[in-house]
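Okay, so here's the structure we're looking at.
Coordinate-derived values only; no laboratory data. What you see is a predicted model; the values in this text were computed from it and never measured. Note that we place each Cβ from the backbone using ideal geometry, even for glycine, and neighbour counts take in every protein chain shown.
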Amino acid sequence: MTQEKPYLMALDQGTTSSRAIIFDKKGQIVSVAQKDFKQYFPDSGWVEHDPNEIWTSQSSVMVESLINQGIRADQIAGIGITNQRETTLIWDRKTGKAIYNAIVWQDRRTASYCNSLKEKGHADLVASKTGLIIDAYFSATKIRWILENVEGAREKAKAGELAFGTVDSWLIWNLTAGKTHITDITNASRTMIYNIHTQEWDKELLQLFDIPESLLPEVKSCSEVYCETAGDVLSVKIPIAGIAGDQQAALFGQLCTEPGMAKTTYGTGCFLVMNTGNEAVKSENQLLTTVAWKIGNEINYALEGSVFIGGAAIQWLRDGIELFPNAKDSEKLAMSLDDNDGVYFVPALTGLGAPHWDQNARGAFFGITRGTTSAHMTRAALEAIAYQVYDVLKAMEKDSGKPTQELRVDGGATANNFMMQFQADLLDCEIKRPEIIETTAIGAAFLAGLALGFWKNREELQSLWTADKSFTPQMEENKREKLLHFWHKAVERSKDWIE
Ligand code: ADP
């Protein structure tokens, strides 16, 4: 009967807002509702969300997205969920109440504990099982922190009275009025207690982090009918049929379904994910190995790497240096020059991430002469975003042994055509910017739609994905080599700056 229902709803539970987006059969957006919620910073380096606000903001936008366009709940064939990853919640199974705020992925409170684990030599064990680098970012040490610091939590956990979940689990628990405690394999792969090779919670890691198994949700694939919403959430029961963490959902939403296909999101930072097919590739460049998705019995892995300062370089020139009033002015300024005239910017404003990994690097301009203008500085910053993405992608190619087939892009800074063309020129590969830039939400909708027969197969999805614009490489090899030579020279000189 699902064939007759014309819409799918994606829930996109992000770090700063909850959104509900309704898609039709053509993959077009018919309605969006969004609600921001509060960020709590109770201590230096701590970031929390109120679990009730996560749930109430999410459930209210579900209703709003229907009302906005006069859509009835019984016209929704199913729900797909995508979410901020790693953020950790623990609640009481009986009352359904969280015992502490959600500890957000950005939260650094467990950083020194993570360092002590590294010092004790656990890094290889963790990497070999989870594909991750020991870091406060991931859920495991956040779970442990709650068990250690909330009164009575450890005893209750031992007695099986508590449940752990990432945000997807929390939403589904609430959507089903406490009937269903599940997560999907992409979210599980970010907890640092899930073995991505054997596809199970890892007993040795649970012991290392002192986490009782009774807390854990059942791990499901990314595309199957898991359960139905409880009667009182919307007026009818709706199947929940897709789950993936935000970066993985974006990779699927971009339909990077073949090994060697990659997506980059150009936001404040840049987030790269490359499909490596059925093989979990171990990185030699400190990239993360992660589960891209599991559909049916088929699992796809990915390599993941991030650039700390992406669009933020433009934000800084706009707000910090006040070079121009709007981010989009950067394009005109850069295009007013035919060349960078030898000016380079290394945006190591917070150190350098993959593949350079130098916390002590700091930002620097190189090649400045009397002729250097604000246009040069702006152009250097835009080019720097592309150079950084180039370096991470090349590290991914080295690790996977697969050349990049095609790069698909999304995020606010992809509006900059100059930067996108420069990226294509540097990588010497085709770049495609899709028409529907809500790639995360549509990824969740695609996953749910496949499980429900709303869309027949991946071929049908491919026919829905259309590029708004393609960027074809035009640069000559020797020019590319010269630019990269000077960029890498600049990177080396910016390293190890603070003492
Ligand atoms: P986030 O989700 O991280 O907040 P967005 O995807 O909304 O980021 O993108 C915003 C970022 O993109 C900002 O850092 C901004 O400086 C940058 N940006 C927006 N428009 C442009 C543009 N035309 N050229 C370059 N950078 C841009």
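Roughly how far apart, in whole Å, are the Cα centres of the stretch 388-412 and the stretch 455-488? Their Cα centres are 10 Å away from one another. Cross-link reach is defined here as a Cα-Cα straight distance under 16 Å, omitting same-chain residues fewer than 8 places apart; for Lys158 the aspartates and glutamates meeting it are Asp92, Glu148, Asp210, Glu213.
Less than 5 angstrom separates the built amide H of Ala292 from those of Asn300, Tyr301, Ala302, all sequence-distant by 5 or more or on a different chain. Picking from Met192, Asn115, Ile79, whose Cα lies most toward the positive end of the charge dipole for the stretch 7-246 (charges on Cβ: Lys, Arg +1; Asp, Glu -1)? Value computed over the given set: Ile79.
Ordering Ile143, Thr472, Ile437 by the projection of their Cα atoms onto the charge dipole of the chain, which places +1 on the Cβ of Lys and Arg and -1 on the Cβ of Asp and Glu, puts Ile143 at the extreme positive end.
Using all Cα-Cα distances in the stretch 242-336, what percent lands in each 5 angstrom bin from 0 up to the longest? Result, from short to long distances: 3, 13, 19, 18, 12, 10, 10, 9, 5, 2, 0 percent.
With Cβ to Cβ distances under 11 Å as the rule, what net charge do the other residues near Glu64 carry (K, R +1; D, E -1)? Its environment carries a net charge of +2. Largest first, the three principal axis extents of the alpha carbons in the chain are 70, 55, 41 Å in whole numbers. Considering all different alpha carbon pairs of the stretch 7-246, the Kirkwood hydrodynamic radius works out to 18.2 Å. Electrostatic bookkeeping for Gln248 treats Lys and Arg as +1 and Asp and Glu as -1; over the other residues with beta carbon under 12 Å from its beta carbon, the sum is 0.
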